[in-house]
1. If Val87 satisfies every condition in (1) in contact with a Lys or Arg (Cβ under 8 Å, 6 or more places away or on another chain); (2) outside any strand (DSSP E or B) but one, which is the exception?
2. Residue check, Val160 against (1) in contact with an Asp or Glu (Cβ under 8 Å, 6 or more places away or on another chain); (2) in a loop (DSSP other than H, G, I, E, B), all met but one. Which one?
3. Kindly provide the set of residues from the range 40-56 that are in contact (Cβ under 8 Å) with a residue 12 or more places away in the chain, part of a loop (DSSP other than H, G, I, E, B) and out of contact with any Pro (no Cβ under 9 Å at 6 or more places or on another chain), ordered by number.
4. Select from the range 118-143 the residues that are β-branched (Val, Ile, Thr) and over 13 Å from Ala92 (Cβ atoms) and write down the one among them that is modelled with the lowest pLDDT.
5. Considering Leu6, Leu61, Leu68, which residue is among the hydrophobic types (A, V, I, L, M, F, W, C), surrounded by 14 or more Cβ atoms within 10 Å (Cβ to Cβ), modelled with pLDDT of 95 or more and part of a strand (DSSP E or B)?
6. Of the residues Arg131, Arg135, which is surrounded by 15 or more Cβ atoms within 10 Å (Cβ to Cβ), without any contact (Cβ under 8 Å) to a residue 40 or more places away in the chain, basic (Lys, Arg) and assigned to a loop (DSSP other than H, G, I, E, B)?
7. From the list Gly84, Gly141, which residue is in the same structural domain as Cys38 (by TED's automatic domain parsing) and under 28 Å from Glu66 (Cα atoms)?
8. Give the residue, chosen from Ala93, Ala18, Ala86, that is under 25 Å from Thr130 (Cβ atoms) and at pLDDT below 95.
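The values are calculated or read from the model by the stated rules, or taken from the named source; none is laboratory data. Since the structure is predicted, the reported quantities are computational estimates derived from the model, not experimental observations. Neighbour counts are summed over all protein chains in view; Cβ atoms, including those assigned to glycine, are modelled from backbone coordinates with ideal geometry.
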Amino acid sequence: MTPYALTVDPGLRELRAADHLLQELAARLALPEGAFGCTHLVRGDRPRVVLSLTVPSEPLLSTVRERLTARGHDVRDGLPDSEGRAVLYPGAAALTGTLTVAELLMRSAIDRVTVLGVSGPPAPGTTLMTREHVRPQWRDGELVLTAMPAAGGALVPFEVPEPTPCCSDH
């Protein structure tokens, strides 16, 4: 990633709302394909989800900062941490349907895929059912998608598109 990054604290508490806001901001700001938008969990006295935007140039960063500040967003320079969950990243829109691991890596900025409970990477020809919800995470400077085994030897991203809220049956 480039050093042209900023953090936005919209005071959100849910990942789904943060995902939606990141996508809305990207559209409003007309962010280029090379931009990254991530969510970051903040713990402590005021748990929340903050957003980071990383763009390919200083002039674009200045423009994004000005537009967000003008809209009343709390904006700071830099990333809140190094382990953001990527919502916007190069190639994200191309990750739909069922792909092989090799296709996923070729079409996107994702560097590697790991599988829960399995040592070593999956074979390049292993199929991955995206469910149109692929949220890799930054780990040690690499964008890594965590997947889990599914029926028929396929994989699915670990994060489900619409998680069931805790205690939803009460």
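1. So the condition that Val87 fails would be (2).
2. With respect to (1) in contact with an Asp or Glu (Cβ under 8 Å, 6 or more places away or on another chain); (2) in a loop (DSSP other than H, G, I, E, B), Val160 is out only on (1).
3. Pro47
4. Val118
5. Leu6
6. Only one candidate passes the filter, namely Arg131.
7. The match here is Gly84.
8. Of Ala93, Ala18, Ala86, the one residue that is under 25 Å from Thr130 (Cβ atoms) and at pLDDT below 95 is Ala93.
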